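Visitor: My structure is below; once you've seen it, I'll send some questions.
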Amino acid sequence: MRFVDEAKILVRAGNGGHGCVSFRREKFIPRGGPDGGNGGDGGSVVLVADERLLSLYDFRVKVLYEAKNGQPGQGGQRNGKSGEDLEIGLPLGTLVFAQSPDGERLLTDLSEPGRRVTAAKGGRGGKGNEHFKSSTMRAPKFAQPGEAGEEFTLRLELKILADVGLIGLPNAGKSTFISRVSAARPKIADYPFTTLTPNLGVMTNEADAGKRLVMADIPGLIEGAHMGLGLGSRFLRHVERTRFLVHILSAEDLSDDAPWAGFEMTNEELRRFGPELAERRQIEVISKIDLLSPERLAALRSRARDEGRRIFFVCALNGEGMGELVSEIWRLRDAAERGNPVVSHGGGGNTAFLNEDFSDIGFAYTRE
Ligand SMILES: Nc1nc2c(ncn2[C@@H]2O[C@H](COP(=O)(O)OP(=O)(O)OP(=O)(O)O)[C@@H](O)[C@H]2O)c(=O)[nH]1
Ligand SMILES: [Mg+2]
């Protein structure tokens with residue numbers, strides 16, 4: 001399924017059924033009283049946050065969403081049936097804007113799984129003529145029409161909600177990382193911009209009541225991303241709503257005199273995109289350490305220590321350093337959960353499984 005994060009749809013609630021004008025007609029009762037029933041209410045259009053979805057693609061294909069009309073009332077005091085509501089499932093993290101000639105307003109932010117919001121209210125059914133009879137009006141020859149249902153143009157904007165955002169230069173090993181720690185299976189290849197759209201992976205911690213953590217992998221950032229270079233900041237908004245970032249730098253991209261310069265470059269792009277994102281807590285990771293000589297690796301470790309910089313050195317291929325990194329990710333997530341409930345997320349579509357290679361650290365790694 002294609003990843004799409006913007007769409008525009010038309011939602012139309014059902015009209016209320018008209019009230020009925022009718023009079024009782026029975027043998028030997030020449031002038032029966034009014035017995036027109038009420039019209040049924042029109043169905044509403046209801047939006048539901050669904051954590052299994054990760055794209056607005058469907059809403060590019062189908063644009064009009066209509067709930068059912070209420071049925072008209074009938075003679076013999078029979079009320080019309082109400083129209084059924086129409087439920088529309090939207091990805092968790094969808095912002096919904098209602099448009100009107102004088103602009104748009106935020107209708108809702110579907111930021112909790114299962115959240116339900118009525119986007120267009122169904123019209124009320126009209127009263128039948130029986131409702132209007134009184135001592136002064138015994139035979140009302142009118143009934144109430146049903147109300148029209150509401151109708152809106154909605155602009156949908158998906159901003160992924162996840163616990164952790166993965167960032168780094170192209171080819172840093174981000175997708176490899178997410179594929180090692182979750183059941184997500186993104187495309188991985190030895191060239192930049194392999195990832196073209198965000199992926200979500202779910203990590204589970206079987207040792208802790210199956211606790212889940214959702215990680216978002218986005219395309220690599222290059223210098224000038226904020227100006228639209230590379231895949232630009234097009235996808236940066238998908239790590240805006242994360243608790244913290246895991247920043248991955250490949251051992252291939254370390255320069256000799258200023259080894260961490262690659263981190264600074266990506267951070268500069270974050271800053272230009274939004275200062276708030278640049279201040280988000282990060283875990284710094286050097287990946288692909290299997291490509292370094294033991295001496296160089298030792299030198300880098302001690303340099304980081306001397307500079308008071310906590311850097312995790314890992315190899316996603318053989319698992320070296322991964323256990324420690326994953327523990328740190330859970331630790332930060334737990335701390336963030338206690339401190340500030342930024343994200344509420346029950347998990348995405350990718351279920352994780354226990355990986356025996358890493359079972360000694362007590363975390364459920366996934367690697368089928
Ligand atoms: N030697 C080695 N290679 C690795 C390691 N992790 C990833 N790679 C390789 O690095 C290349 C890029 O990996 P990806 O996971 O696609 O990198 P990415 O950061 O997602 O790249 P983009 O999606 O293009 O931004 C692939 O050929 C991987 O096999 C590692 O720990 N060691
Ligand atoms: Mg990738």
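Taken together, the values in this text are just the output of simple stated rules run on the coordinates, not laboratory data. Here the structure is a predicted model, which is why all the values come from computation and not from measurement. Cβ atoms come from the backbone with ideal geometry, glycine included; neighbour counts cover every protein chain shown.
Visitor: Within 10 Å of each residue's Cβ, count the other Cβ atoms and sort TYR57, TYR191, TYR65 from fewest upward.
Guide: TYR191, TYR57, TYR65
Visitor: Could you tell me the distance between the Cα centroids of segment 48-75 and segment 283-338, to the nearest Å?
Guide: When both Cα centres are located, 47 Å separates them.
Visitor: Which distance in nm do the two modelled labels at SER302 and ILE29 give, with both placed 7 Å along the Cα-to-Cβ direction?
Guide: Distance between the two pseudo-spin positions: 10.4 nm.
Visitor: Using a Förster radius of 22 Å, what is the FRET efficiency between ARG234 and TYR191 based on their Cβ-Cβ separation? Nearest 0.05, please.
Guide: 0.70
Visitor: Per-residue counts of other Cβ atoms within 10 Å, averaged by peptide: what ranking do you get for 262-268, 245-251, highest first?
Guide: The most tightly packed comes first, giving 245-251, 262-268.
Visitor: Using θ = phi - 60° and the Karplus curve 6.51 cos²θ - 1.76 cosθ + 1.60, what whole-Hz ³J(HN,Hα) does each residue of segment 249-261 get, with Gly and Pro shown as x?
Guide: Going residue by residue, I get 10, 6, 4, 5, 9, 8, 8, 5, 7, 10, x, 8, 4 Hz, with x marking Gly and Pro.
Visitor: Does anyone have the angle between helix 322-339 and the longest principal axis of the chain? Alpha-carbon axes, 0 to 90°, nearest 10?
Guide: 50
Visitor: If each residue's Cβ is checked for other Cβ atoms within 10 Å, how do CYS20, CYS315 rank with the fewest at the top?
Guide: CYS315, CYS20
Visitor: Determine which aspartates and glutamates satisfy two conditions relative to LYS68: a Cα distance under 16 Å, and not lying fewer than 8 residues away in the same chain.
Guide: Counting by Cα, and skipping residues close in sequence, LYS68 has these aspartates and glutamates nearby: ASP41, GLU84, ASP85, GLU87, GLU147, GLU150, GLU151.
Visitor: Angle, helix 294-306 long axis vs. longest principal axis of the chain, Cα atoms, 0 to 90°, nearest 10?
Guide: 70
Visitor: Calculate the translational D of the chain in whole µm² s⁻¹ from Stokes-Einstein, where the hydrodynamic radius comes from the Kirkwood formula applied to all Cα pairs, the temperature is 25 °C and the viscosity 0.890 mPa s.
Guide: Details: Rh = 23.9 Å.
Translational D for this selection: 103 µm²/s.
Visitor: Mind checking which lysines have their Cα closer than 25 Å to the Cα of LYS62? Skip sequence neighbours fewer than 8 apart in that chain.
Guide: Qualifying lysines at Cα under 25 Å: LYS8, LYS121, LYS159.
Visitor: Going highest first, how would you order 31-37, 112-118 by mean Cβ packing within 10 Å?
Guide: Descending packing order for the listed peptides: 31-37, 112-118.
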